[in-house]
Amino acid sequence: MIAVLIDPDKASDSQLDNLVFHPNFDQVDFLFVGGSLVTDGNMKICLQGLKKRTDKPLIIFPGSPNQIDDTADAILLLSLISGRNSDLLIGRHVESAHKLKRSGLEILSTGYILVDGGRTTTVSYISGTTPIPQDKPGIAAATALAGCQLGQQLIYLDCGSGANQHASPRLIAAVKNEVDVPIIVGGGIKTKEDAESVFRSGADVVVVGNKLEENPNFLTELVKAKEAFAEA
């Protein structure tokens, strides 16, 4: 499946139009909305703008509790299991628990694993987290397995927005071999070949954000990668 990650701080009306009215938009399965530095107010404006344009599922990709908004359909309740920052393991979750309960959002418990994408990204800087090295697939696999044993429904392998490279095929495959839940992979996917490699390695959902902001027509290449994998 394909998910498009939308940063509310960057999403103008013209950018949303370019995405939603793209000829291949019907092949997009989910829209993830959020990020590490979302300005207050932009989240609701972006979600409302998307609701007017599409009935695709809108899933919050939260960077903080203030991004919880019942305009969306669901939320990835991220627990940063690759780090040792207690605030992002459980602290923010306690802070937002009652707000989430009242929201009516579908809650998708997600083990969030940062992988080294070759550069310092916003999420690694803000979280104070050291990403898992690409050459340590065993650590990534054990971390994902522990997350599933704690009851997480999804595993998200992320190299971060603007990463130089995506999670390696070897690392993705190692995680896939250990867990039975869907695997989401994002960050550093810049070409059709990148997307094909990630799908082949075991990703159930490929997430692209920055590349589509730069070039909305990359969606065509992403869909070709999805179709090529489906036909293989």
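The values are calculated or read from the model by the stated rules, or taken from the named source; none is laboratory data. These numbers come from a predicted model, not from an experiment. Here Cβ is always computed from backbone atoms with ideal geometry, including for glycine, and neighbour counts include all displayed protein chains. These area figures cover heavy atoms from the full protein model, side chains too; ligands, DNA and RNA do not enter into them. Shrake-Rupley method; radii C 1.70, N 1.55, O 1.52, S 1.80 Å.
Before moving on, here are some points about what is shown:
- For region 117-133, a residue qualifies if it is in a loop (DSSP other than H, G, I, E, B) and at pLDDT 90 or above, and the qualifying residues are Pro131, Pro133.
- With respect to being closer than 27 Å to Ala228 by Cα, in contact with a strand residue (DSSP E or B) (Cβ under 9 Å, 6 or more places away or on another chain) and of a type outside the set (Phe, Trp, Tyr), Ile75 falls outside the description.
- The number of residues in region 149-160 that are surrounded by 17 or more Cβ atoms within 10 Å (Cβ to Cβ) and either part of a helix (DSSP H, G or I) or out of contact with any Gly (no Cβ under 6 Å at 6 or more places or on another chain) (or both) comes to 3.
- Flag for Gly138 being open to solvent by less than 10 Å² (accessible area, probe 1.4 Å) and either touching a Ser or Thr at 6+ places or on another chain (Cβ under 7 Å) or not basic (Lys, Arg) (or both): no
- Any hit, region 187-200, residues being of a type in the set (Ser, Thr, Tyr) and in a helix (DSSP H, G or I): yes
- Hits in region 201-225 (condition: assigned to a helix (DSSP H, G or I), in contact with a strand residue (DSSP E or B) (Cβ under 9 Å, 6 or more places away or on another chain) and modelled with pLDDT under 90): Asn210, Leu212, Glu213
- Glu95 falls short on exactly one of the conditions (1) over 18 Å from Asn210 (Cβ atoms); (2) without any contact (Cβ under 8 Å) to a residue 12 or more places away in the chain, and that condition is (2).
- Residues in region 89-116 that are modelled with pLDDT under 90 and under 16 Å from Ile155 (Cβ atoms): Leu89 only.
- Filter result for the condition that a residue is closer than 26 Å to Ser127 by Cβ, assigned to a loop (DSSP other than H, G, I, E, B) and more than 17 Å from the chain's Cα centre (by Cα), over Arg84, Arg92: Arg84
- Search result, residues across region 186-232 that are closer than 16 Å to Gly117 by Cα and among the charged types (D, E, K, R): Lys190, Asp194, Lys211
- Inter-residue pairs, beta-carbon under 8 Å, first on the phi > 0 side of the Ramachandran plot and in region 146-161, second surrounded by 17 or more Cβ atoms within 10 Å (Cβ to Cβ) and in a helix (DSSP H, G or I), 6+ apart: Gly160/Val123; Gly160/Ser124
- The set of residues in region 107-121 that are open to solvent by 60 Å² or more (accessible area, probe 1.4 Å) and more than 25 Å from Leu150 (Cβ to Cβ) comprises Arg119, Thr120.
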